[in-house]
1. How far apart, in nm, are the 7 Å Cα→Cβ label points at A:Lys140 and B:His277?
2. Taking Cα atoms, how many degrees apart are the long axis of helix A:201-213 and the longest axis of chain A, rounded to 10 and kept between 0 and 90?
3. Report, to one decimal in Å, the Kirkwood hydrodynamic radius for chain A based on all distinct Cα pairs.
4. Taking Cα pairs under 8 Å and at least six residues apart, what relative contact order does the stretch A:96-224 come out at, in percent?
5. Under a cut-off of 14 Å between alpha-carbon atoms, report the aspartates and glutamates in cross-link reach of B:Lys194, not counting same-chain residues fewer than 8 places apart.
6. With respect to the cross-link table entries A:Lys6/B:Lys90; B:Lys4/B:Lys57; A:Lys235/B:Lys214; B:Lys55/B:Lys85, which display a Cα-Cα separation exceeding 30 Å?
7. Which of the trypsin sites (Lys or Arg not before Pro) across the stretch B:2-65 are loop residues per DSSP, with 14 or fewer other Cβ within 10 Å?
8. When you take every Cα atom in the stretch B:168-250, what is the radius of gyration, and what is Dmax, the widest Cα pair distance, in Å?
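Each value in this text was obtained by applying a stated rule to the coordinates, not by laboratory testing. Source: prediction; values computed, not measured. No Cβ is skipped: glycine too gets one built from the backbone with ideal geometry, and neighbour counts run over all protein chains shown.
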Amino acid sequence: MNNIVKPVPCKILEVKKESKLEYTFKVESDIKPAHGQFLQLSIPKIGEAPISVSAYGDGWIDFTIRSVGKVTDEIFTKGPGDVLFLRGAYGKGWPVEKFEGKHVVVITGGTGLAPVRSMLNKFYDEPDYTKSVTLITGFKNEEGIVFKNELEKWKDRFTTFYTLDAEKKEGWNTGFVTEFVSKVDWASFGDNYEVVIVGPPPMMKFTGIECGKCGVPDEKIWVSYERRMSCAVGKCGHCRIDEVYVCLEGPVFNYTQAKYLVD
Amino acid sequence: MGYKVSFEEVNKIFDQLQGEYEIWAPKRFAGKGRYSDTDIIKYDKVSKVEEIEFKEKSDYPAKEVLSPITQSLFYFTEDEFRESKATSKKLLIFMRPCDINAQHHQEKIYLENGGYADMYYQRMNEKVKIVMIECTEGWDTCFCVSMGSNKADDYAIAVRAGEGELTVDVKDEAFAPLFKEAAGVDFKPEFIEKNEIELTIPEIPNKEVLTKLKSHPMWNEYNKRCISCGSCTVACSTCTCFNTTDVIYNENTNVGERKRTTASCQIEGFTDMAGGHVFRRTAAERMRYKVLHKFHDYKARFKDFHMCVGCGRCTSRCPEFISITATVNKMAKAIDEIIAEESK
């Protein structure tokens, strides 16, 4: 009998410090996730946690992890050669095929950049895939900035608005991401665009409202939800909202559905 | 085929079955209730028919046999781990029709939801043979007739308990040889047709009404009354939620296990995420979440039934005397109010 919650041990290939609290773990694995999917990571005797894929390639997956809980704290003690246990990938990722040939606006808050990183790199590597990419990304402060090299790289091909909530930094804006929504060149997109929003729940809510003010219809907005999960396969009940399981039908939702999902 | 068998004969049959089956049934634990001098009735292994409580509804549901309150998933030893093993025997479980119907809900979640089948549930479920306990009277908290779960026909054997004897209907031919010396009688089990409580489940016509219902003031009452103890969900025939936690054995930190433990959406912490985000902070929000799951969300997803079999155990077990049927009636009134307000 197939045991769906049985994890597979995988070797850590590389650990990269992104910021004070966030590290990226490159793990050896043949699992081929879709952009925006997540896996269950665990350490035996400590526990299991859902973590989104921040990049992947042949034989490896990147997880960008914030050390904020029992499992992630323990993962932070691991280094190259150590083993993490994986199962997945789970959930529905970004509808990347829907974005083809369109103007794509990506708005992220904090580590919300991690679940869109692999998709952004695809758009960067394949400039003809989209008509244009606009990236609004915000962090609380300089200490919280992740993927510094890629943020620099993306400037070449994307229209970017990088901002810190309250701190000043050279080359960066100051203020919440919501303040930059109206600066997007919506008029030039016509009807041919899609919007991606990921971040903490209040950030997603208010960014959605700002997009609405700019005339963006709900059906063009895509969000990714994070919820507590204990199984990731629709059994444990923790992530359910109404008739929807975030682990099964999410984490990516269209806003027409997401706006009714009141926990 | 129907038979009449004395308890003495039943015990002989139990003896023959013991090698192949674990026999599970509701059993009375005298003095083990939550108040002084009260008993508790819950599922346990039995070897004699006299141990089975036929006269009263069990406090806790039959689901515990298949998905125990706590079970081990994996054992860890240093770098190695292995799956826990299930009992090698088959399971013969005595259940009333409400509990039998509740197994459909358990199967829906554990075996079908999302296209994933849970191995730990599946390996138990495949072993089960059901003995239906005829139930024609019910109790004051029952509303199985309203939920359409007063009847069941997917049983191997049905029994009517009499004084010192059982009348049985053997549907599964595999069990027929056990009764070859018993007296044949005409017997088909009967079912309760009317409970003291009759409940009408309100329809929630659309998402707008649902959203308004979620923030309706009716739920505020439960901030005062509900103490978020989770007694209702532990006693629930259909609830399936669980937590997964790893433990390290105190005596040897190289060894540990991954466990699955029943969880309750009514208890604080059910939605807590690492980093501190919480989605339902109040007892009212948690009550609303549970009631809507039982009487709207589950059916909206699976289209077949509501996630309630009307066993009334949640009402019986609530230390604050919150009645689920009264709550649903309040919800029906709130929905009427919202619809009336909308059509103005």
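1. A separation of 1.3 nm, rounded to one decimal place.
2. Roughly 30 degrees, rounded to the nearest 10.
3. 18.9
4. Relative contact order here is 29 percent.
5. B:Glu137, B:Asp140
6. From A:Lys6/B:Lys90; B:Lys4/B:Lys57; A:Lys235/B:Lys214; B:Lys55/B:Lys85, over 30 Å: B:Lys55/B:Lys85.
7. Those satisfying the criteria are B:Lys32, B:Arg34, B:Lys48, B:Lys55.
8. 23.9, 64
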